[in-house]
1. Tell me the accessible surface of S48 in square angstrom (1.4 angstrom probe, heavy atoms of protein chains only), to the nearest ten.
2. Tell me the mean residue ellipticity at 222 nm calculated for the chain from its helices only (DSSP H runs of n ≥ 4, each -39500 (n - 2.57), averaged over every residue, nearest 500).
3. When ligands, DNA and RNA are left out and all protein chains stay put, how many square angstrom of accessible area per residue does region 34-156 have with a 1.4 Å probe?
4. Quick one: accessible surface of D143, probe radius 1.4 Å, all protein chains present, in square angstrom to the nearest 10.
5. Under 8 Å for C-alpha pairs, at least 6 residues apart: give me the relative contact order for the chain, rounded to a whole percent.
6. For the chain, with only Lys/Arg (+1) and Asp/Glu (-1) charged at the beta-carbon, what is the dipole magnitude about the Cα centre, in debye rounded to 20?
7. Got a sec to turn the phi values of region 126-139 into Karplus ³J(HN,Hα) couplings, 6.51 cos²θ - 1.76 cosθ + 1.60 with θ = phi - 60°, whole Hz, x for Gly and Pro?
8. Which percent of the accessible heavy-atom area of region 3-144 goes to carbon and sulfur, probe 1.4 angstrom?
Amino acid sequence: MDAAVHVRTKNRGRGVLEGAFALLEALRQHGDEAGVTELAVACGVPKSTAHRLLEQLVAMEAVERHGLRYRLGAQLYRLGQAWQPHPGLRAAGRLPLHRLRAATGGSVVLAVLRDERPLTVCSVPGRVEPLVPVRDGDTFALDTALGRALRGPVRGGAVLDREEVVAGVCCAALPVRSPAGAVVGAVAAMVEAGQRLDVVAGRVAEAAAGITRALTGTGTGIGPGSGNGARAVR
């Protein structure tokens with residue numbers, strides 16, 4: 001479990017809300033069920049405090065208790081589904097991402113930049129899932145093709161990764177633009193090494209343009225400055 005949970009809690013106060021959110025973050029990082037002792041240690045709070053806060057979170061359905069262990073609850077899922085990194089972006093990305101997955105066979109993601117890291121807001125697993133699992137809520141490093149695309153390649157076109165991050169996996173990524181031309185996210189396809197990346201980049205460009213069209217609410221055309229050419233940037 002990430003020591004950052006402990007550090008953040010230790011360096012600030014012991015407010016009830018802060019303690020509750022620290023426990024939720026610890027559960028998120030754990031990824032499964034966890035006991036009160038390990039959660040208290042991760043957050044740097046007394047076991048009695050952790051237990052009291054967890055029981056309050058259980059009452060609010062933010063956490064579920066299974067025997068002596070806890071996991072994130074359904075209420076958090078419902079609240080999380082309402083979050084929009086950009087108005088309509090997640091809904092706009094669903095169909096283009098499924099089409100991109102079908103066209104390339106790869107794992108595909110739509111991400112936004114949060115806290116200087118790409119954050120996945122929509123994803124569809126593909127054939128490289130055993131090597132690079134994709135999940136909504138996962139983050140990536142900025143030095144990946146997806147991270148570079150989010151910053152907007154200076155020369156335009158697709159950002160390519162030829163097994164630079166993971167052996168056996170290549171990637172093509174492009175920014176997603178709002179109808180006004182601002183970068184609001186990035187879409188990427190991660191495929192098995194050996195596939196033609198120029199073809200994959202073309203499919204990624206189609207997906208990025210499709211998301212922009214969906215953001216207009218009309219399904220026709222894209223806004224000024226929102227072209228997503230497939231010319232490669234390595």
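1. Its accessible surface works out to 90 Å², give or take rounding.
2. Theoretical 222 nm ellipticity from helices: -12500 deg cm²/dmol.
3. Accessible area per residue, region 34-156: 53 Å².
4. Roughly 110 Å² of D143 is accessible to a 1.4 Å probe.
5. About 14 percent, as a whole number.
6. 480 debye
7. x, 5, 8, 3, x, 8, 9, x, 10, 9, 4, x, 6, 10
8. Heavy-atom surface of region 3-144 belonging to carbon and sulfur, 1.4 Å probe: 58 percent.
The values are calculated or read from the model by the stated rules, or taken from the named source; none is laboratory data. As the structure is a computational prediction, the values presented were derived from the model and not from experiment. All Cβ positions, even for glycine, are placed from backbone atoms using ideal geometry, and neighbour counts span all protein chains on display. Side chains are part of the model used for accessible areas, which takes the heavy atoms of the whole protein and leaves out ligands, DNA and RNA. Shrake-Rupley method; radii C 1.70, N 1.55, O 1.52, S 1.80 Å.
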